[in-house]
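For reference, the structure discussed in these notes is given below.
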Amino acid sequence: AWEKRTESGLTQSIEFFLHSIEKDPGYALPYARLADSYAVLSSYSIMSPADSFPRARAAARKALEIDDSLAQAHATLGIAFMNYDRDWPSAESEYKKAIALDPNYATAHHWYGLLLTAHGRFDEALAELRRAREFDPFSAIIQGNTCRLFIYARQYDRAIEEGRKAVEIDPNLFVGHNFFSLAYAAKKMTREAIAESQTA
């Protein structure tokens, strides 16, 4: 439900994680995944950052009170520092902590890749996104953000290639079509950009 990145999917994921917490309040992982759900709500204009990120941070901190070695909670603190506080060093520190605790956690590599992309550290970003895809090869979100990386790096042919893969993984995912559209637009392929934008 969380991977769909739709209002209904994210709402459902929150309900599932709250239900899990109700069943076992001493289990840290549902708090961390609840934090993940809140953390991405504002990216899809479902909830304002001022509402979503404090909830995400509170759930992540609760997870860490129970188990401070939980990579998922550290990664979510990272995205809160990155997208809400704009505290880049703290975000990077939390991502590195998450990856050290669980080197196979795709979301930590994914979100760290986004931070590196935003700072123009494209080679490092690509390495992180490749690791994320290695651990979660069917994530259209990760694939779509790989497309975005190549747009920012001004490698538009590669961006189009990665965008095509994203929409093949999940033809119904807004993000995949949106980034694919931007890749076409950057390449000045207007007709294709409009078609992808309309699909998105």
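Just checking, does segment 158-177 include any residue being of a type in the set (D, E, K, R) and closer than 21 Å to Gln72 by Cβ? Before the answer, list the steps.
Step one: filter segment 158-177 for residues of a type in the set (D, E, K, R), giving 158, 161-162, 164-165, 168, 170.
Subset that is closer than 21 Å to Gln72 by Cβ: none.
Checking segment 158-177: not a single residue is of a type in the set (D, E, K, R) and closer than 21 Å to Gln72 by Cβ.
Kindly evaluate Ser197 against the criterion of being part of a helix (DSSP H, G or I), open to solvent by 20 Å² or more (accessible area, probe 1.4 Å) and either among the polar types (S, T, N, Q) or free of Cβ contacts under 8 Å to residues at least 40 places away in the same chain (or both). Yes. Quick check on Arg5: is it in contact (Cβ under 8 Å) with a residue 60 or more places away in the chain and either under 22 Å from Gly113 (Cβ atoms) or surrounded by fewer than 16 Cβ atoms within 10 Å (Cβ to Cβ) (or both)? Yes; evaluated as a whole, the condition is true for this residue. For the condition surrounded by 23 or more Cβ atoms within 10 Å (Cβ to Cβ), of a type in the set (A, V, I, L, M, F, W, C), part of a helix (DSSP H, G or I) and more than 15 Å from the chain's Cα centre (by Cα), Phe17 qualifies.
So which residues in segment 121-163 are among the basic types (Lys, Arg) and loosely packed, with under 15 Cβ neighbours inside 10 Å?
Taking segment 121-163 as the starting set, the residues that turn out to be among the basic types (Lys, Arg) are 121, 130-131, 133, 148, 154, 158.
Within segment 121-163, Arg121, Arg130, Arg154 meet the criteria.
For segment 83-131, the set of residues classified as in contact (Cβ under 8 Å) with a residue 24 or more places away in the chain and at positive phi consists of Gly120 only.
Within segment 60-72, residues that are farther than 18 Å from Trp111 by Cα sit with their Cβ atoms under 7 Å from residues that are loosely packed, with under 15 Cβ neighbours inside 10 Å, at 6+ positions apart or across chains, in these pairs: Ile66/Gly26.
Only one of Ala58, Ala73, Ala35 is of a type in the set (A, V, I, L, M, F, W, C), open to solvent by 30 Å² or more (accessible area, probe 1.4 Å), farther than 17 Å from Gly113 by Cβ and part of a helix (DSSP H, G or I); which? So that I can check it myself, show each step before the final result.
Values: Ala73 fails: open to solvent by 30 Å² or more (accessible area, probe 1.4 Å); Ala35 fails: open to solvent by 30 Å² or more (accessible area, probe 1.4 Å).
None of the other options fit; the residue is Ala58.
The values are calculated or read from the model by the stated rules, or taken from the named source; none is laboratory data. No experiment lies behind these values; they were computed from the predicted model shown. Reconstructed Cβ throughout: ideal geometry from the backbone, glycine too, with neighbour counts over all protein chains shown. SASA here: full protein model, heavy atoms, side chains in, ligands and nucleic acids out. Shrake-Rupley method; radii C 1.70, N 1.55, O 1.52, S 1.80 Å.
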